[in-house]
Amino acid sequence: MKTYSPKENEITRDWFVVDAEGEILGRLASRIAHRLRGKHKPEFAPHMDTGDFIVVVNADKIRVTGRKLENKVYHSYSGYPGGIKEVTLKDMLKDKPERVLFKAVQGMLPKNRIGRAQLTKLKIYAGPEHPHKSQNPAALDL
């Protein structure tokens, strides 16, 4: 018996819209990463991108548990001496709420070219509107 490996033309990618209002950050991110990888499909292959497109709306209304608003810190380093920047989750949610969910999902995907390809299928918007109406995304309840 041979192992089945999906062909590129056999992969179907659907569009889904997720409302993030009132959802907990980490739990929502793990479910989105699961869908982006395509692990919910029977033809999943870890060496191929078989996942769906995910559009997330209302990213500014996402919830976190505990004291993460004050304690969780995002670091970025420019490569120069003294070039490290620290931003708390509270400030990041105020300035760029899309970036918070993006970073959470990014950390749950593979760190290679397949993970980067899967991340391009994630579209995040702070408000309730999105420009992907023509793809007819189905509502996905996570």
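The values are calculated or read from the model by the stated rules, or taken from the named source; none is laboratory data. Since this is a predicted model, take the numbers as computed values, not measurements. Don't worry about glycine lacking a Cβ; one is built from the backbone with ideal geometry, like all the others, and counts go over all protein chains shown.
Remarks
- Conditions (1) without any contact (Cβ under 8 Å) to a residue 60 or more places away in the chain; (2) closer than 18 Å to THR120 by Cβ; (3) surrounded by 13 or more Cβ atoms within 10 Å (Cβ to Cβ); number of the one not met by LEU101: (1)
- Only one entry of HIS47, HIS40, HIS34 meets the criterion of being farther than 30 Å from GLU129 by Cα and of a type outside the set (D, E, K, R), and that entry is HIS47.
- Complete set of residues in the range 61-89 that are touching a residue at least 40 places away in the same chain (Cβ under 8 Å) and hydrophobic (A, V, I, L, M, F, W, C): ILE62, VAL64
- Restricted to the range 33-120, the set of helices (runs of 4 or more DSSP H) holding at least 3 residues that are under 10 Å from the mean Cα position of the chain (by Cα) and under 20 Å from ALA139 (Cα atoms) comprises 97-106.
- When each of ASP52, ASP60 is tested for being out of contact with any Ser or Thr (no Cβ under 8 Å at 6 or more places or on another chain), at pLDDT 95 or above and under 15 Å from GLU21 (Cα atoms), the lone residue that passes is ASP60.
- Check on GLU86, surrounded by fewer than 14 Cβ atoms within 10 Å (Cβ to Cβ), more than 20 Å from LEU119 (Cα to Cα) and either polar (S, T, N, Q) or in contact with a Pro (Cβ under 9 Å, 6 or more places away or on another chain) (or both): no
- Within the range 1-28, tally of residues that are more than 22 Å from GLN106 (Cα to Cα) and either without any contact (Cβ under 8 Å) to a residue 24 or more places away in the chain or in a helix (DSSP H, G or I) (or both): 8
- Positions within the range 29-83 being surrounded by fewer than 19 Cβ atoms within 10 Å (Cβ to Cβ), among the aliphatic types (A, V, I, L, M) and touching a helix residue (DSSP H, G or I) at 6+ places or on another chain (Cβ under 7 Å), in sequence order: VAL64, LEU69
- Among residues of the range 104-118 being buried (at least 16 other Cβ atoms within 10 Å of the Cβ) and in contact (Cβ under 8 Å) with a residue 12 or more places away in the chain, the one that is nearest to LEU25 (Cα to Cα) is ALA104.
- Total residues in the range 130-140, condition surrounded by fewer than 10 Cβ atoms within 10 Å (Cβ to Cβ), in contact (Cβ under 8 Å) with a residue 24 or more places away in the chain and outside any strand (DSSP E or B): 1
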